[in-house]
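Presented below is the structure to which this report refers.
The values are calculated or read from the model by the stated rules, or taken from the named source; none is laboratory data. As the structure is a prediction and not an experimental result, all values here were calculated from the model. Here the Cβ positions follow ideal geometry from the backbone for every residue, glycine too, while neighbour counts run over all protein chains shown. For accessibility, only protein heavy atoms count, side chains too; no ligands or nucleic acids. Shrake-Rupley method; radii C 1.70, N 1.55, O 1.52, S 1.80 Å.
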Amino acid sequence: MPFPENFIWGAATASYQIEGAHDQDGKGPSIWDSFCRIPGKTYQGHTGDVACDHYHRYKEDVALMKSIGLRAYRLSISWSRILPEGNGSINEKGISFYDRLIDELLEANIEPWITLYHWDLPLALHYQGGWLSPNSPVWFEKYTRVVVKRLSDRVRHWFTINEPQVFIGLGYAKGEHAPGWKLSFAECLQAGHNALLAHGRSVLAIREEAASDPLIGASPVGICARPKTEKLIDIDAAKTATFAVSQPKDHSPRELQGALWNSAWWMDPLFLGKYPESGLKAFHGFVPAFPESDMEVVNQPLDFFGANIYHGLTVESNPHNGYTILNPPEGSPVNSMGWDITPDILYWGGKFFHERYKLPIVITENGMPAVEIPDENGQIDDTPRAEFIKSYLRGVERGLKEGLPFMGYFYWSFLDNFEWAYGYSQRFGLTHIDYKTLSRMPKKSSSEYARIIRMNSLESPSPTEETSEMPSLLD
Ligand code: NOJ
C-alpha cells in the first residue's frame, strides 16, 4: 500500500483567514485588523472582520471535515484572542472558543494540529516594535506557555511559526502584508533572527508545559526546485537551487523581499543550528551580531519537517555556476495567482529536504487557488482542483515507494477564505463559501479528496501477481 495506514490526511486553515468575530468576546486587535483598514492594502478593501464566521459556525465546519474523512485539521490560534494585549491578562472567552473547537474535533475523531503563529500579531505588540523588538521571543514564549498549559491535555501536535519568509519578507521588507513596513535589510534580518529565536523558545516551552509527549515542527515556505531531466547533474542542480541564498541586487523593498525568499536561511538554523554559509556571504554586512548561545536556542530537536509547498522552479545543470532556472515552456499551466502547476514538486522538495534535514516530512500546506462562481444549481465543479490534488499526491506516492518518510499531507484550504492582500478574490477551498449568506457548499474536490482518503484507508490490496507492483490508489 503506497500510503501507510497511519498517513495523516488533513486540511489546513488559519485564524485570521476564517474566524471573523474580530472584536468579539474580548479579542484584542491584531496587525491584520488594522492593516486591512488602510485604503489600498487589500483587494477592494476586504477585511477578516467576518471572514467565514468560523467562530460561530465551527460545529458545522467540523461536521463537514468529518464527512470528508479528515484525520487531522491544522488550525492556528489567534494570539490576541487569548492575550488581547499580546502579553498580560488572559481572555478566558478566547480560550473557551478553542476549547469548544478542540472538543468538537476530537468528538469527530479529527486530530487538531495547532499553529501558534500564523501572522496575526497582537497590535499592542506591534506598537512595542513587533518582531523587531528583542523582547519578541519572550512574548512568544509566554504566549506559548498559556496556550500549551490550557490545550495540551487534548492537543499533541504543534507548529511554532508559519512562513517566516512571508511575514518578514512581505510584512517587514516589501510592505505588502501587515504591518506594511519597509525596513532596511539589517532590520529585516534582525526581525527574522528574533522570529527564529522565538521558535526555539516556544519549542522549549511546549516541551516543558505539555501534558503529554508533544510532537513539534514548524511550517516554513518550502521554496524548492525540480530538475528538468532525471540526469544526475540536473538533480544536483535542482538540489543546489533549492538551498541557494542570493544577494539582493539593490536595497529596494522588492529586492530585499526577493533575497529573503529562500529556504536555507530560515531552515538551516532550525535544523542544523547555523545560518548557511552561502547566506552569510550573500547577506554580509547586514546580518545581526548575536551570541553563540542564540543558535543553541533556535536549534531545538524537532519531530518532523513541515513545509508549505505549492510550486517549484524548474532548473537544469549549468557548468559555470551550478544551475540555470528555466522559464516554463509557452502554454504551461498556471493557476489564477500565476503560480506554475508543478505536480512533481512534492516529490523533489520532500526528497531534498529529507536528505538535508533527515526528518519525517509533513506537507503542511499544498493547494490551488481559483476564481470560481457556482453554476445555476449552486454547485462548484472544480475538477481542475481535484486533478491538482491527485497529481501532486502522486509525488508523495512516488516518494513513499522509494522509502521517503512522508507522514502526512494537509490540503490548503478546508474552506475558501481571506487570502491576505488578495482578500476574497482567490478561492483555495475544498468547501465553497458564499460570503453574502455565509453558507457552506462542498465542492467536487471535497468528494474527490474524501474518496482518496477512503481508498487509502481500506485493507491493503495485494500487489498484482505478474509485476508485484503496488497499484496506485489515486486512480
Ligand atoms: C501560505 C499561507 O500559510 C496561507 O496563509 C495562504 O493563504 C496560502 N499559503 C496561500 O497563499
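Scan the range 305-347 residue by residue and report those that are within 16 Å of the ligand (Cβ to nearest atom) and among the small types (G, A, S).
G306, A307, G312, S336, G338, listed by residue number.
Going by the conditions given, is G171 under 23 Å from H22 (Cα atoms), away from the ligand (no atom under 16 Å from the Cβ) and open to solvent by less than 50 Å² (accessible area, probe 1.4 Å)?
It is false that G171 is under 23 Å from H22 (Cα atoms), away from the ligand (no atom under 16 Å from the Cβ) and open to solvent by less than 50 Å² (accessible area, probe 1.4 Å).
For P374, indicate whether it is closer than 22 Å to T431 by Cβ, out of contact with any helix residue (DSSP H, G or I) (no Cβ under 6 Å at 6 or more places or on another chain) and either open to solvent by less than 50 Å² (accessible area, probe 1.4 Å) or more than 14 Å from the ligand (Cβ to nearest atom) (or both).
Yes, satisfied.
Can you pull out every residue in the range 214-235 that is under 20 Å from N299 (Cα atoms), in contact with a helix residue (DSSP H, G or I) (Cβ under 9 Å, 6 or more places away or on another chain) and away from the ligand (no atom under 15 Å from the Cβ)?
If the condition is that a residue be under 20 Å from N299 (Cα atoms), in contact with a helix residue (DSSP H, G or I) (Cβ under 9 Å, 6 or more places away or on another chain) and away from the ligand (no atom under 15 Å from the Cβ), then P214, I216 are the ones that fit.
Given the criterion in a strand (DSSP E or B) and either under 15 Å from T144 (Cα atoms) or not basic (K, R) (or both), identify the matching residue among G192, G200, G217.
G217
Of the numbered conditions (1) surrounded by fewer than 18 Cβ atoms within 10 Å (Cβ to Cβ); (2) within 20 Å of the chain's Cα centre (by Cα); (3) within 30 Å of P405 (Cβ to Cβ), E355 fails exactly one; give the number of that condition.
(2)
Among the residues of the range 20-40, what is the count of those that are within 30 Å of N109 (Cα to Cα) and exposed (fewer than 14 other Cβ atoms within 10 Å of the Cβ)?
1
So, in the range 96-122, exactly how many residues are assigned to a helix (DSSP H, G or I) and open to solvent by 20 Å² or more (accessible area, probe 1.4 Å)?
Counting residues in the range 96-122 that are assigned to a helix (DSSP H, G or I) and open to solvent by 20 Å² or more (accessible area, probe 1.4 Å) gives 7.
Consider D120 carefully, then state whether it is within 15 Å of the ligand (Cβ to nearest atom) and either touching a residue at least 24 places away in the same chain (Cβ under 8 Å) or under 21 Å from Q17 (Cα atoms) (or both).
The answer is yes for D120.
Quick check, is L280 of a type outside the set (V, I, T), touching a helix residue (DSSP H, G or I) at 6+ places or on another chain (Cβ under 6 Å) and either open to solvent by 30 Å² or more (accessible area, probe 1.4 Å) or within 16 Å of the ligand (Cβ to nearest atom) (or both)?
Spelling it out, it is not the case that L280 is of a type outside the set (V, I, T), touching a helix residue (DSSP H, G or I) at 6+ places or on another chain (Cβ under 6 Å) and either open to solvent by 30 Å² or more (accessible area, probe 1.4 Å) or within 16 Å of the ligand (Cβ to nearest atom) (or both).
Kindly indicate the residue of the range 125-135 that is open to solvent by 20 Å² or more (accessible area, probe 1.4 Å) and either of a type in the set (K, R) or part of a helix (DSSP H, G or I) (or both) and also farthest from the ligand (Cβ to nearest atom) among those meeting that condition.
Across the range 125-135, the extreme among qualifying residues is L132.
Among V166, V147, V155, V138, which is the only one that is of a type in the set (V, I, T), in a helix (DSSP H, G or I) and surrounded by 22 or more Cβ atoms within 10 Å (Cβ to Cβ)?
Testing whether each residue is of a type in the set (V, I, T), in a helix (DSSP H, G or I) and surrounded by 22 or more Cβ atoms within 10 Å (Cβ to Cβ) leaves just V147.
So which of Y43, Y55 is free of Cβ contacts under 8 Å to residues at least 60 places away in the same chain and either open to solvent by 10 Å² or more (accessible area, probe 1.4 Å) or within 19 Å of P122 (Cα to Cα) (or both)?
From the options Y43, Y55, the qualifying one is Y55.
Results for (1) surrounded by fewer than 17 Cβ atoms within 10 Å (Cβ to Cβ); (2) among the β-branched types (V, I, T); (3) assigned to a loop (DSSP other than H, G, I, E, B), shown as yes or no for each residue.
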{"site": "D236", "(1), (2), (3)": "yes, no, no"}
{"site": "A241", "(1), (2), (3)": "no, no, no"}
{"site": "P248", "(1), (2), (3)": "no, no, yes"}
{"site": "L256", "(1), (2), (3)": "no, no, no"}
{"site": "N262", "(1), (2), (3)": "no, no, yes"}
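Kindly state which helices (runs of 4 or more DSSP H) lie completely within the range 277-383 and contain at least 1 residues that are touching a residue at least 60 places away in the same chain (Cβ under 8 Å).
Where helices (runs of 4 or more DSSP H) fall fully within the range 277-383 and carry at least 1 residues being touching a residue at least 60 places away in the same chain (Cβ under 8 Å), they are 292-298, 345-357.
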